[in-house]
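Each remark here refers to the structure printed beneath this line.
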Amino acid sequence: MEYKKIYTQEELDDIINWTRENFKRLPQSLRLDKGTYIPDLHSTMETYIEICEKHKLNPTYGAQIRHIFMMREKLLEENLLLPE
């Protein structure tokens, strides 16, 4: 997902629902890119869901909201979700 200042409600609902549905399958940590290591992915995802819900109309949080989409993309591209 490309960066946007404001994401649509449909996009936010999609990422929030996907994260909640797959929460138990998330690995403990994630290397998002060379400079971004997330040691506690569960806590991070909870925080980003909260940001999506509380600040969805505030363009200041566009970059943070993009991160949750980037995390999903990385998890799916590299098949990092744990088995059910």
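Laboratory data are not the source of any read-out in this text; all were calculated from the coordinates shown. Small disclaimer: the values here were computed from a predicted structure and weren't measured. Every residue, glycine among them, receives a Cβ derived from its backbone with ideal geometry; neighbour counts consider all protein chains shown.
Among Thr44, Thr36, Thr19, whose mean-square fluctuation peaks in a Gaussian network model of the chain (Cα, cutoff 10 Å)?
Thr36
Quick one: go through segment 51-84 and flag any residue whose amide nitrogen is under 14 Å from the point 7 Å out along the Cα-to-Cβ line of Lys24.
82-84
Report the full-extension gain for the segment Thr60 to Thr8: residue separation times 0.36 nm, less the Cα-Cα distance, to one decimal in nm.
Details: separation 52, 0.36 × 52 = 18.72 nm, distance 1.50 nm.
Once the chain is fully extended between Thr60 and Thr8, it gains 17.2 nm.
Mind checking the chain for trypsin sites (Lys or Arg not before Pro) that DSSP puts in a loop (not H, G, I, E or B) and that have at most 10 other Cβ atoms within 10 Å? If you can, show how the numbers build up before the last one.
Values: sites: Lys4, Lys5, Arg20, Lys24, Arg25, Arg31, Lys34, Lys54, Lys56, Arg66, Arg72, Lys74; in loops: Lys4, Lys5, Lys34, Lys56.
When the trypsin sites (Lys or Arg not before Pro) of the chain are filtered for loop state and at most 10 Cβ neighbours within 10 Å, Lys34 remain.
Under 24 Å from the Cα of Lys4, which lysines turn up, not counting those fewer than eight places away in the same chain?
Straight-distance partners of Lys4: Lys34, Lys54, Lys56, Lys74.
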